[in-house]
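Structure first, commentary second.
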Amino acid sequence: MQWIDEIVGLWPVSLMSDEIANQAMLGRLAQLCLEQTGSDEERFFADRDAAIQQVHATIAGAVAAYFDHLGVSPAPAWQVRARFERLQYGESHGLRNRPGAYLSGMLYLQSPGETEALHMRKDTYPGNLTLLDPRAGFNMLSLDNDPYQNQSLMVEPKSGLFLMWPANVNHYRHPNLSRTPQLSIAFDIVPAGGDDAAAPPESNWSGKIDDMWPTGLIKRRLPDYEQRNRELIGIIDELERENPNLTTDFNTHRLRDYKHPTISWLMAHINQSVSAYFNQMGIGQSVACEVVAWANINRFGDYHSPHNHPWSYLSGTYYIQVPEAEIDQNFDEDVHPACISFYDPRSAMSADVYPPGSRAHPIHTITPVPGAMMMW
């Protein structure tokens with residue numbers, strides 16, 4: 001693997017959006033929505049009405065573009081579940097998602113009418129759609145201009161607006177406070193097989209793809225690491241002689257307090273990486289932070305189970321020495337000895353939905369090398 005200074009955006013929420021200008025099609029769909037008394041999701045697109053078939057083609061193009069954007073190849077077999085929805089005055093849809101689906105979406109069929117003035121909070125936003133960041137707990141330590149600060153996306157509906165997002169994202173449709181019904185087509189993209197699977201469409205998507213709420217991962221290989229690592233090995237050996245439980249007592253020793261030029265070199269690169277992260281995220285102001293660092297020694301059979309570091313803004317690791325020889329053991333393919341794996345922090349993501357190597361796969365595994373610094 002090539003180690004260069006970069007920040008990778010893992011596991012983004014890719015929002016597909018477009019504006020459909022075919023007013024005749026939208027008018028026909030609005031008419032069907034008003035006439036329909038119920039909706040059979042499985043039979044929705046079996047209706048041979050030309051307007052419905054155009055919607056199906058639009059959805060198919062968006063789904064193909066979504067999987068291509070995330071590097072999911074081949075794309076999984078899928079089918080559409082769709083329904084007309086009418087929100088009458090005062091009606092809303094509470095917080096929800098579609099478990100087991102790949103994607104969800106909406107096509108608005110008419111612009112909302114004038115909202116009646118009521119004594120409500122200004123942040124009620126009647127008639128709008130809100131999507132929520134699916135990662136838990138990211139509002140605890142947010143900063144101004146931080147992409148984690150705003151954990152929701154508000155969308156104001158209008159005729160012809162097409163939206164599609166990952167189905168694990170919770171969404172909420174605010175109350176319709178207009179006497180005009182809000183008409184839309186809601187749909188989900190679900191797994192399929194055999195005759196139910198949609199034929200792969202041609203790549204004809206002309207709308208937008210916005211990647212929201214990515215998890216940033218810094219990858220660097222520090223300059224002049226060879227000599228510095230030899231010095232760090234000596235420092236850590238000395239620390240372990242003083243405390244044989246050095247690794248398990250990580251919270252009782254602060255490595256940065258050790259007076260040595262190489263420790264100062266390492267701390268300077270950590271601070272430089274933090275600044276680079278903040279700059280790329282658009283956080284322009286100065287941020288006061290403290291670095292807490294410790295040494296880990298992993299010998300044969302040692303490992304760190306999945307965990308995170310609460311009450312921290314960023315975490316990271318710097319590799320001093322990494323085993324080079326192949327390990328002669330019978331492991332399952334997903335064990336990856338001597339590697340580090342990062343897990344998608346979003347809830348409801350299944351480890352077997354997308355293939356390894358795609359941007360959508362929920363496990364990102366890296367084989368570290370000496371001199372490699374990562375921060376996330």
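Rounded to a whole number, what % of the accessible area of segment 15-100 do carbon and sulfur atoms account for, probe 1.4 Å? Intermediate results must be reported in sequence, preceding the final value.
Details: 1990 of 4290 Å².
The computed percentage sits at 46.
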- prompt: Once the whole set of protein chains is in place, how much accessible area is left on residue 250, using a 1.4 Å probe, in Å² to the nearest 10?
  reply: 90
field: Potential lengthening between residue 252 and residue 208 on full extension [0.36 nm per residue; Cα-Cα distance subtracted]
entry: 10.9 nm
query: With the dipole of segment 207-266 worked out from charges on the C-beta (+1 for Lys and Arg, -1 for Asp and Glu) around the Cα centre, which of 229, 214, 252 lies farthest toward the positive end?
result: 214
Förster-model FRET efficiency, 45 Å R0, residue 363 and residue 158, C-beta, rounded to 0.05: 0.70
message: For the pair residue 36/residue 262, report the inter-label distance in nm, with labels modelled 7 Å from Cα in the Cβ direction.
response: 6.8
field: Potential lengthening between residue 315 and residue 83 on full extension [0.36 nm per residue; Cα-Cα distance subtracted]
entry: 79.1 nm
field: Net length gained if the chain between residue 276 and residue 336 were fully extended (0.36 nm per residue, minus Cα distance)
entry: 18.6 nm
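The values are calculated or read from the model by the stated rules, or taken from the named source; none is laboratory data. Note that the coordinates shown come from a computational prediction; the quantities given were computed from them, not determined experimentally. Here Cβ is always computed from backbone atoms with ideal geometry, including for glycine, and neighbour counts include all displayed protein chains. Just the protein is used for accessible areas: all its heavy atoms, side chains included, with ligands, DNA and RNA removed. Shrake-Rupley method; radii C 1.70, N 1.55, O 1.52, S 1.80 Å.
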